[in-house]
Number of protein chains: 2
Amino acid sequence: MTEIKIFCPATIANLNCGFDVMGLCLDGIGDEMVIRKVETKGITITRITGADLPMETERNVAGVAGLALLNAAQSDYGFEIEIHKRIKAGSGIGSSSASAAGAVFGINELLGRPFTKHELVHFAMKGEALASGCEHADNVAPCVLGGFTLVRGYNPLDVIKIQSPEELYAVVLHPHIEVKTSDSRAVLNPEVSLKNAITQWGNLGGLIAGLYTKDYELIGRSLQDVIVEPARKHLIPNFDEVKNAALQNGALGAGISGAGPSIFALCNGEAIANIVSQSMKNAYADTGIPFDIHISKVNDTGTKII
Amino acid sequence: MTEIKIFCPATIANLNCGFDVMGLCLDGIGDEMVIRKVETKGITITRITGADLPMETERNVAGVAGLALLNAAQSDYGFEIEIHKRIKAGSGIGSSSASAAGAVFGINELLGRPFTKHELVHFAMKGEALASGCEHADNVAPCVLGGFTLVRGYNPLDVIKIQSPEELYAVVLHPHIEVKTSDSRAVLNPEVSLKNAITQWGNLGGLIAGLYTKDYELIGRSLQDVIVEPARKHLIPNFDEVKNAALQNGALGAGISGAGPSIFALCNGEAIANIVSQSMKNAYADTGIPFDIHISKVNDTGTKII
């Protein structure tokens, strides 16, 4: 096997109560990449469609992530990478993570899997760092591992994968506006009340328990955010209207995907997801802002060969 | 059945990263109570041994909790309660909770179980409120339900019981000193850094995941507290020495039980618990302060008939 085509899924990070630690993997939305094993060492980005991204390996998220893996593997081979972006940059559903995860997943496959999926997360973080300025794993972990992921901590990296309950669907509404990462960071107070922190970690505990016990109601009760969402939601026009529409139409919970601007809702079953999707569209329409909307089962596999 | 004798276990609340939300139930340490169904309505405390506690129903934790249940049940019967305290007041292992849980559990049994165990937690909290001034569930929940409990939130009360991994043992060292609740509250900063809060909820997520997957190592990695323990540990002489001794001798984790002064360690298996217990004794001995030490399997049943 010298060439593979892979699907690099979009991801939702934070998930209300899980700021900076939780993420989930989507199925219906993602990039495609073609990875080719060649005799020349190093990594060459041969083609990019769907986005205006740097072709130079060291300036490209996929290139940097792939090089981190190659250096660790001490491989005699090199790789060519084609990137076909479908996830829009700045959408808040892990566009750069998909590229980073895809590169390390694909190269690892073509090398005969010298690394475990958990180890791949580490290399993918190097690519993520190029895009975001810091090595965080809340999008690359679910993108590589699939399902839900908890990043317990970073010293050393400790990622726990949690299988998604079978019937969990996500709806993601992506308004075509730019929310600068610097803005979404700046609105966060570096201090929080102990009271709110306790509420938040009680809910995170409930979310994790709900996922393990496949208790959809508990998952829904736990999808609350008393810290980050109140500070950030004004950056997203009609956020409250869209969230309320989702909840009133049967969503288990809803919130900001990553640092925004995408708004997500989680639903028990595809039928409810369809109704919720329609209600979110209606609630966003009067902003006049163009948007995409996606419905996707939670993807328990992560990045995969297609 | 008109009379039962019950075991009302001690409990450990907080569990490092789970401040105000987590607790576990012990087996080797607890009070005994005798509950008797009588024709006269209301509750009479007929005997208390092992502690100097009020005999008046409305001033007694067991009495208040029992009355809360009786009022809701609209029972035609009354109950006599004997309390044989073994858990010392102010030890930080749920002395008042044991009395509250025992009363509601026993009365519920004699009434033919009109309430679920989860409902009993609500009544037991009324007794706890008499003792501590606020209706919290982090000790009464594990005392009633057994195993580990997560109190997700209070509006409405949402308690999740998590079965304990089979081989989990706790060691509890109770120094005979008084730590005033007002002091242990006063040292807590009402504001915490968002960074520390994220570390804390990452660890709480890891603890819950470790419990569901019976991953002892993950439980151990997660038993960290970057918020409360650093603020409170100076109230307990030789806390660091005892904790370090426990960790160096194989404990998965160690910390302050409840608001202290008891120090607990969790261990994988009885053999390690015995070694850890000895090391904690040695590390406490040079304080010259008298202490008790208990080794107990985590009790997955909770309060029970004996």
So B:H234 and B:C134, fully extended at 0.36 nm per residue minus their Cα-Cα distance, gain in nm 33.5 nm
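Would you mind giving the mean number of other chain beta-carbons within 10 Å of the Cβ of each residue in B:187-200, as a whole number?
Values: counts 0, 1, 3, 4, 9, 8, 5, 10, 4, 3, 12, 11, 6, 5.
Per residue, the average neighbour count from other chains is 6.
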In deg cm²/dmol, rounded to the nearest 500, the helical mean residue ellipticity at 222 nm of the protein assembly as shown, built from -39500 (n - 2.57) for every DSSP H run of length 4 or more, is -11500 deg cm²/dmol
Expected sort for A:S96, B:S184 with the fewest Cβ neighbours (10 Å cutoff) up front is B:S184, A:S96
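Over the range B:194-269, what relative contact order in percent results from Cα pairs under 8 Å that are six or more residues apart?
On the way: 86 pairs, mean separation 18.0, N = 76.
Across the range B:194-269, relative contact order equals 24 percent.
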Under the rule rounded for a/c under 1.5, else prolate if a/b exceeds b/c, else oblate, using alpha carbon gyration tensor axes a ≥ b ≥ c, the range A:168-297 is classed as oblate
With one decimal in nm and the nearest listed first, the spacings from B:N71 to its own position in the other copies, using label points 7 Å along Cα-to-Cβ, are 6.8
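By how many nm would the segment from A:T213 to A:H176 lengthen if fully extended, with 0.36 nm per residue of separation less the alpha-carbon distance?
Values: separation 37, 0.36 × 37 = 13.32 nm, distance 3.66 nm.
Length gained between A:T213 and A:H176: 9.7 nm.
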For A:L188, inter-copy label-point distances (7 Å, Cα→Cβ), nm, shortest first, read 2.3
Counted neighbours (other Cβ, 10 Å), sorted fewest up, put B:Y77, A:Y212 in the order B:Y77, A:Y212
In nm, the gap between the two label points placed 7 Å beyond Cα toward Cβ at A:E270 and B:T44 is 6.8 nm
Scalar couplings 3J(HN,Hα) for the range A:35-49 by Karplus 6.51 cos²θ - 1.76 cosθ + 1.60 (θ = phi - 60°), nearest whole Hz, x for Gly and Pro, are 10, 10, 7, 10, 6, 6, 5, x, 10, 10, 7, 8, 7, 10, 10
Note on the range B:173-306: contact order normalised by length, alpha-carbon pairs under 8 Å, 6 or more apart, percent, works out to 29 percent
For B:K180, counting only aspartates and glutamates whose alpha-carbon sits under 12 Å away and dropping same-chain residues fewer than eight positions off, the answer is none
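Take each of the peptides A:43-53, A:170-180, B:232-242, average the number of other beta-carbon atoms within 10 Å over its residues, and list them starting from the highest. Spell out each step's value before the answer.
Working: A:43-53: 15.6, A:170-180: 20.5, B:232-242: 19.0.
The most tightly packed comes first, giving A:170-180, B:232-242, A:43-53.
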Scoring chain A by relative contact order with C-alpha pairs under 8 Å, at least six apart, yields a percentage of 24 percent
Restricting to lysines and to Cα separations under 21 Å from B:K5, and discarding same-chain partners fewer than 8 apart, the set is B:K37, B:K41, B:K85, B:K88, B:K117, B:K304
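Quick note: the coordinates plus some simple rules give every number you see, no bench work behind them. The structure displayed is predicted, hence computed values, not measured ones. So basically every Cβ, Gly included, is an ideal-geometry build from the backbone, and we count neighbours across all protein chains shown.
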